[in-house]
Amino acid sequence: MIKNIVLIGHPNVGKSSLFNTWTGQNTATGNRPGVTVQRRVAKITNKTTSLGIEDLPGIYYLESDLSICAHDQKETLERLLNLTEDDLIVQILDARALRPQLHLTLELIELQHPMCLNVTFHENPEIITFLHDLLKLPVYSATDCNPFKFDITSQPNLVHLEAQPELKKLFMNYSEKGSVLFNRLALTVEKMQRNQESEQKYTAYHDPETLCAKIRYQFIDTALKRQPTQSSIERIHSRGLDKIVLHRFIGLPLFFGIMYCIFWSTMTLGEQITLSLRPLLTVLESRIWHNLPSGIQSVQIYHILWQGSVLSLETILSFIGPVGLLYFQLNILEETGYMQRASLVIDRFMRTLKLPGQSFVSMVVGLGCNVPAILSTRTLSHPIDRLQSILMTPFMSCGARLAIFTAFGQSFFGDYAYLAIFELYMIGFFMAIITGLMVRMLTNSHEHSPLIEQLVPYQRPSLIHLLSKTGIRLQDFLSNAFFWIAPAIIGIHLITTFGALNCPPQFQEWLVFIFRPLGLDSQNWPAVLALFSGLIGKEVLLGTLEGFYPDSSEIGLNSALHHCFPNPQAAMSYLIFVLLYFPCISVTLAIAKETRLFWAIFSAIWSTLIAYITAVLYYQWMKPDTSLFLLINLTIGSICLLWLFLQGSKKIIDYYHMLDRKERKNIPFHITNRNQ
């Protein structure tokens, strides 16, 4: 009896969407490979039966050498190796690109384990009958599929081996489940040499994997000549658009132009959304407060808690417009299929710098939150490529940073706030590239894996789907932000109200001393203090600013910031520091988990060092009364400081490399996932 369904297939064929449909969950989906990077498990029940549903990361073929597999692929392969009689394999097939997927189907058939097929994106229902007659397997449509009614009476047949009697004989004699998965039909050169007939017939093939792949594709190519026709209109339109989107000279400027438009609309329309929501909060605040018992209203502590709660809600409310619009527009790019094309365009640029193009996908995910972006690097098989991507990702501005940029942008840059924010995002992208180059230099690596992706046709996602996906991401962000912001603001509000926080001038001077080169003075000590609270999460930084700046609750944070910061240049240098300095604790822990503690510490020190140097150089170069001699000395001193830090890091890496060279396979202090 089947108790567990294992979903498997190529990346980006609809496994997670089917998983969500069956289980009612809201796991991440997207029209690009690599969305699912770890195994997901859920339970579904009906009146009589309980089924486990497993969503495995996408895989293109059953790799025989686990040492060269990415972490997500290894997790899938290990799960297939440990199949039990209670498991049913359900392979998801995208009808628009059957040839490469059927190769995986034949490999799964060779496991001799109960399985069935689920077909997505098919326009001709005859494709279901065609696949059933071809493979002798139960085949279902994704639009009409009940997991409790799968037919498991028919067992997989080795249909592609029927025309190869000698090969089938060897397979039946020597194959076992493990060897089928990891040795490709268990055909070794020695076994072939023992069989003179097979040796004569297949003497041209000394690699059994090549032989088996050739046989599979011969079967597939012959069978697909009888495949029912699918509409080619989508592919014709996709090819026409790709001539522009993937153009060598147009593609990159087009991408940056689209990102520029996204930030412009995020600022202009996002502010209007926030302003339109404020009256609703005012009405809600008034009704709730006046309906509270009079005894509670008269108690000072309750009144203070109420004011802190309202201020927290106002802060959270300011996130909805810009962050929600950013998520919505990024979802459009992802669901239409453009983001997959953009990764190929950026890959051209990255390859010229010897950087992995796959890291771009993680960097885009980092625009929402850096933690899932770091986890998404599990799709990279080369350890140095993965390490580069992990250390590059924290320089991408997450949603919390965007909220901070929005507050400062509205205060200091007015109608040009979107330009300032676009500049900050470009600075983060530039620093990420510098970090990637630095990691490659430290690890003495000159290899990188190429970016190879199968492009799917462009799609027109429904507005309901886009709004639903945006709502889920925004809800997760707002709930996490409120979890950190509300206690910070309420606590600070209590402290300031009862006068417990009477910061002496000497402490203010000491606090801002190291930040004076950034343009901050003693009035900005709350901004410096907020940087320390931002170590917990960048959401807390904004909450600290709301709580500490005088009169922010009466005149608004934007006006309070404008009164306290000396000039826009100082505000911009502060934002540069916020952009680049120590990532939050969650990101640092994710780096330590996915790599080693050394790289987490390295990332924290490197990012803070580069943040301070960049912010100081920006302010001093923008400051009109700074002498050229001082600027040159600052630049030279910054370069020397970075050089000393990198040299020290290099010595540590070389030391670990010397200790266990054999274990690390000549890759200097490379990452090793502790979950493996």
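If I ask for residues that are assigned to a helix (DSSP H, G or I) and more than 20 Å from T315 (Cα to Cα), which ones from the stretch 459-493 would you list? Quick ask: steps written out before the conclusion?
First, pick out the residues of the stretch 459-493 that are assigned to a helix (DSSP H, G or I): 463-493.
Of everything in the stretch 459-493, those that are assigned to a helix (DSSP H, G or I) and more than 20 Å from T315 (Cα to Cα) turn out to be L463, I464, H465, L466, L467, S468, K469.
The numbered conditions (1) under 23 Å from Y327 (Cα atoms); (2) within 20 Å of the chain's Cα centre (by Cα); (3) touching a residue at least 12 places away in the same chain (Cβ under 8 Å) are all true for H382 except (1). The test for being at pLDDT 85 or above and either part of a helix (DSSP H, G or I) or crowded, with 24+ Cβ neighbours inside 10 Å (or both) does not hold for A407.
Residue-wise test of (1) more than 25 Å from I421 (Cβ to Cβ); (2) in a helix (DSSP H, G or I); (3) touching a Ser or Thr at 6+ places or on another chain (Cβ under 6 Å).
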position: Q569; (1), (2), (3): no, yes, no
position: S573; (1), (2), (3): no, yes, no
position: P583; (1), (2), (3): no, no, no
position: V587; (1), (2), (3): no, yes, no
position: A592; (1), (2), (3): yes, yes, no
position: W606; (1), (2), (3): no, yes, no
position: Q620; (1), (2), (3): no, yes, yes
position: F629; (1), (2), (3): yes, yes, no
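Tallying residues that are buried (at least 22 other Cβ atoms within 10 Å of the Cβ) and in contact with a helix residue (DSSP H, G or I) (Cβ under 7 Å, 6 or more places away or on another chain) within the stretch 332-342 yields 2.
Residues are listed down the side, and each one gets a yes or a no for (1) surrounded by 14 or more Cβ atoms within 10 Å (Cβ to Cβ); (2) of a type in the set (G, A, S); (3) at pLDDT below 90:
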| residue | (1), (2), (3) |
| --- | --- |
| E594 | yes, no, yes |
| A604 | yes, yes, no |
| P624 | no, no, yes |
| L644 | no, no, yes |
| Q647 | no, no, yes |
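Taken together, the residues in the stretch 537-581 that are modelled with pLDDT of 75 or more and among the hydroxyl-bearing types (S, T, Y) amount to 4.
For S389, are the conditions met, namely being in a helix (DSSP H, G or I) and surrounded by fewer than 24 Cβ atoms within 10 Å (Cβ to Cβ)? Before the answer, list the steps.
Numbers: in a helix (DSSP H, G or I): yes; surrounded by fewer than 24 Cβ atoms within 10 Å (Cβ to Cβ): no.
Spelling it out, it is not the case that S389 is in a helix (DSSP H, G or I) and surrounded by fewer than 24 Cβ atoms within 10 Å (Cβ to Cβ).
Going by what's in this entry, would L81 be described as surrounded by fewer than 22 Cβ atoms within 10 Å (Cβ to Cβ), in contact (Cβ under 8 Å) with a residue 12 or more places away in the chain and under 22 Å from R378 (Cβ atoms)? Yes, satisfied. Scan the stretch 512-526 and tell me whether some residue there is touching a residue at least 60 places away in the same chain (Cβ under 8 Å), part of a helix (DSSP H, G or I), touching a helix residue (DSSP H, G or I) at 6+ places or on another chain (Cβ under 8 Å) and closer than 17 Å to S318 by Cα. Taking every residue of the stretch 512-526 in turn, none turns out to be touching a residue at least 60 places away in the same chain (Cβ under 8 Å), part of a helix (DSSP H, G or I), touching a helix residue (DSSP H, G or I) at 6+ places or on another chain (Cβ under 8 Å) and closer than 17 Å to S318 by Cα.
The values are calculated or read from the model by the stated rules, or taken from the named source; none is laboratory data. It should be emphasised that the depicted structure is a prediction, and the values quoted were computed from it without experimental measurement. For neighbour counting, all protein chains shown are included, and Cβ atoms are generated from backbone atoms with ideal geometry for every residue, glycine included.
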